[in-house]
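Below you'll find the structure, written out as structure tokens, and then a few comments.
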């Protein structure tokens, strides 16, 4: 084999590992549920979620009211780095909003996160983890899709088994959010999320969650209720979710569809 061929093979080997070594992982809390689990991805496992979303009468503090918003290429990449650490990248490739006869399209925002597990689940305690996130201001506020600001968020995550089939999850967090409507001001928020998931069969799960946020200012305390369904199809799984706003400060309705696949990036035992 020529030196050039050896070099090409060395570059392709990680990609081939991703494409050929798939794993099946029993997830605890999945998109389209926003509430996160305190249980991490196994070391060396990359989970890819890819989907689309629709929001009816979306409400975002600092942005004008819109009739609807489409989100194409909703993505989350989750990689287990070790027994205690997981990293995430979550975002939207393209987002488009419609107001009356006007429409605008723009690249969506992305969020980078690191999750650290403090305690694994034991007989008398739940699993506990910390999650730090930073939102990168990719989307432009001029098109009414993003707030054009960097946000910092921190969460405490708790997860617990209830019997053989059920899981419950709770997230309590705070966000340091710039206020795009006022110069040098912040609209810091408190975040509360609670979810329940249950396994119907080995390859089917349903879930529900309640999401609440208090922005301490007018028109920034949305409350939503979401349900989800996930089913395995071969090496993939497909998921659907629908959410309804419970007050005037939340989206009227949101629908999401996702495909998921797990890949073994590397084997920690080797």
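Observations
- Peptide packing for 195-208, 68-81 was compared via the average number of neighbouring C-beta atoms within 10 Å per residue; ordered from the highest value, the list is 68-81, 195-208.
- Full extension of the chain between residue 190 and residue 70 yields a length gain of 40.6 nm, computed as 0.36 nm times the residue separation minus the alpha carbon distance.
- Among 113, 234, 245, residue whose mean-square fluctuation peaks in a GNM of the chain (springs only between Cα atoms under 10 Å): 234
- Euclidean distance of C-alpha centroids, region 182-247 and region 95-129, integer Å: 10
- Structure-based [θ]222 nm, the chain - -39500 (n - 2.57) summed over DSSP H runs of at least 4, per residue, nearest 500: -2500 deg cm²/dmol
- Shape call, region 137-247: gyration tensor on alpha carbons, a/c limit 1.5: prolate
- GNM flexibility winner over the chain from 222, 64, 32 (Cα, springs under 10 Å): 64
- Helix axis angle, 3-20 relative to the chain longest principal axis, alpha carbon, degrees: 60
- FRET efficiency estimate (nearest 0.05) - Cβ-Cβ, residue 235 to residue 208, R0 25 angstrom: 0.40
- The Cα atoms of the chain define a convex hull whose projected area, averaged across directions, is 17.5 nm².
- Projected label distance in nm at residue 198 and residue 149, using a 7 Å step from Cα toward the beta-carbon: 4.1
No lab work stands behind these numbers, since they all come straight from the coordinates. Since this is a predicted model, take the numbers as computed values, not measurements. A quick note on method: Cβ atoms are made from the backbone with ideal geometry, for glycine too, and the neighbour counts reach across all protein chains shown.
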